[in-house]
C-alpha cells in the first residue's frame, strides 16, 4: 500500500515537472514567435512608410519644377543661355542640280570659311534676379572679338570661277537668343567700318544671328582680312563659344565666385578666388572634328562648344532631394533602436507607436523644403531637426517612462541628423563618407547585440 502511494506521488510529481517543462517550452516558443512577428511587423511598417517618403520626393521635385519655370520666365525676358559661333565668312556660288524627275535647275549654294586666328576677350557681370521666392543668375557680357581670315580658296572644289559670287560674300556671327544684344555691333573689316544687321542669309552653319556684307574681289589669293568687333550681350547662367579659328583663344573674367567650366574643352589656365574667376582657353583646329572650309551644311560644329556656367552652389532643392534619399535609412535605424529598447528592457511598443514615430521622421523633409524656401538651407535644416528630435523625444518619454532610455534615443537621433548634415556639405566625398558611416553604424549594432541570445530571450 505504501509502495502504491509512493508511486502515485512520484508520478504526480513527474507529471507536474513535465507540465512545467512543456509550459516553459511553449512560452519560449511564443517569445521567439512573438519577436519574429514583431521584426516582420517593423519591416512591414518601414516599407509602408516608403509611400509617404516617395510622395515627399515628388513634392520636392514639383517645387524644383516650379522654381525652374520661374527662372525660365526671367531668362526669356533677359536672354537665355548663349552659344556664340563665328565670325564665319560665307561666299555664295551658282550650282546646277538635277531633281529626281531629271529636271535641271540653277540654285545658289554657299561655301563657308573659318578664320585663321580667333581671339576673344570678355568680362561677365553677373546679376541675381528674383521672381517671388525664386532666383535666377543672369549676366551681361562685354566681349571683344578679333582675328584674321585668309582669302577664300576654291581650288579644292570643282566650281567654275565664273559661278563664284564674290561680290555677295558676307560675314556672320551666330547668336542663339537675339534678345540679349544690348548695343549695335560695328565691324572693323581691314580699314572699313560696317554695321552688322539681324538675320543670316544661309542657315547652313547657324540659324540665328547677325551678318554683314563683305564683298570680295576675285583673284586676290594673297590677301588677308583682319576683323574686330565688340559684342555686348545679355544671357543667363551659361556662356559658350565655338572654336572656329585655326587657333582659337578665349579669355574670360568675372566677379562670380562659383564658375563651372564645361563643354568640349576645359580652360588651360584658371584662377578662382574671393574676387571671382579668370580663365583662358586655347583650342587648335586639330582638336575639333570639322575642317576650316566646307560646302553647304555638312558639318556639325555644336559638339565642340565650350565655356562657363555661373553655377549656383547646391541649392535647397538639390540638398533636400539628396537628404530625402536617406529617409529609409533613418526610419530603419530609428525603428531598430526602439526594437532593441523593447527587447532588452522587456517593454511592449505597439506598431501604431512605431508608425507615428516614422511619420514624424517623414515630416522632417516637408519642414526642411518649406523652410529652406524662405531662409538659408543650413538654419532650415537645424530648425527642422530640432522640431523632429524634440517631438520624437517627448513621445518616447511617454512610451519608455525612463529618462535614461529617452536621452539615449535623443542622442541617437541627433547623431543621425548630424551625420546627414555632414554628408550634405560634402560633394566629392559624400559617397565615401556615407559608406564609411553606414559601415560604422552596422559595426556598432553588431557589437551592441553580440551577447543577445535570440533563442533564449527570456534569459
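The values are calculated or read from the model by the stated rules, or taken from the named source; none is laboratory data. The model shown is predicted, which means the values in this text are computed figures rather than measured ones. Counting neighbours? That spans all protein chains shown, and the Cβs are built from the backbone with ideal geometry, glycine included.
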For region 71-92, indicate whether the set of residues that are loosely packed, with under 14 Cβ neighbours inside 10 Å, in the same structural domain as residue 204 (by TED's automatic domain parsing) and either in a strand (DSSP E or B) or in contact with a helix residue (DSSP H, G or I) (Cβ under 6 Å, 6 or more places away or on another chain) (or both) is non-empty. no
Matching residues in region 127-150 - criterion: being out of contact with any strand residue (DSSP E or B) (no Cβ under 7 Å at 6 or more places or on another chain), in a strand (DSSP E or B) and surrounded by fewer than 17 Cβ atoms within 10 Å (Cβ to Cβ): 130, 131
Only one of 60, 31, 13 is at pLDDT 60 or above and either in a helix (DSSP H, G or I) or surrounded by fewer than 12 Cβ atoms within 10 Å (Cβ to Cβ) (or both), namely 60
What is the number of the single condition among (1) over 45 Å from the mean Cα position of the chain (by Cα); (2) in a strand (DSSP E or B) that residue 153 does not meet? (2)
Within region 178-201, take every residue that is part of a loop (DSSP other than H, G, I, E, B), in contact (Cβ under 8 Å) with a residue 24 or more places away in the chain and more than 36 Å from the chain's Cα centre (by Cα) and give me the one that is farthest from residue 81 (Cα to Cα). 190
Could you figure out which of (1) without any contact (Cβ under 8 Å) to a residue 24 or more places away in the chain; (2) in a strand (DSSP E or B); (3) more than 32 Å from the chain's Cα centre (by Cα) isn't true of residue 158? (2)
Do we find that residue 268 is exposed (fewer than 15 other Cβ atoms within 10 Å of the Cβ), within 30 Å of residue 130 (Cα to Cα), out of contact with any helix residue (DSSP H, G or I) (no Cβ under 7 Å at 6 or more places or on another chain) and free of Cβ contacts under 8 Å to residues at least 24 places away in the same chain in this structure? no
Farther than 30 Å from residue 66 by Cα, crowded, with 20+ Cβ neighbours inside 10 Å, touching a helix residue (DSSP H, G or I) at 6+ places or on another chain (Cβ under 7 Å) and assigned by TED's automatic domain parsing to the domain that holds residue 87 - does that describe any residue in region 239-257? yes
Exactly one of 213, 218 is in contact with a helix residue (DSSP H, G or I) (Cβ under 9 Å, 6 or more places away or on another chain) and modelled with pLDDT of 85 or more, and that residue is 213
Report whether or not residue 158 is more than 30 Å from residue 124 (Cα to Cα), in contact with a helix residue (DSSP H, G or I) (Cβ under 7 Å, 6 or more places away or on another chain) and surrounded by fewer than 15 Cβ atoms within 10 Å (Cβ to Cβ). no
Search region 299-347 for residues being more than 21 Å from the chain's Cα centre (by Cα) and not assigned by TED's automatic domain parsing to the domain that holds residue 381, and hand back the single one that is modelled with the highest pLDDT. 304
Could you pull out every one of the helices (runs of 4 or more DSSP H) wholly within region 366-459 that has 2 or more residues that are modelled with pLDDT of 80 or more and under 24 Å from residue 352 (Cβ atoms)? 377-400, 403-425
Looking at region 348-360, which of the residues that are within 32 Å of the chain's Cα centre (by Cα) and touching a residue at least 40 places away in the same chain (Cβ under 8 Å) is surrounded by the most Cβ atoms within 10 Å (Cβ to Cβ)? 358
For region 389-420, enumerate the residues that are buried (at least 16 other Cβ atoms within 10 Å of the Cβ) and within 28 Å of the chain's Cα centre (by Cα). 416, 417, 419, 420
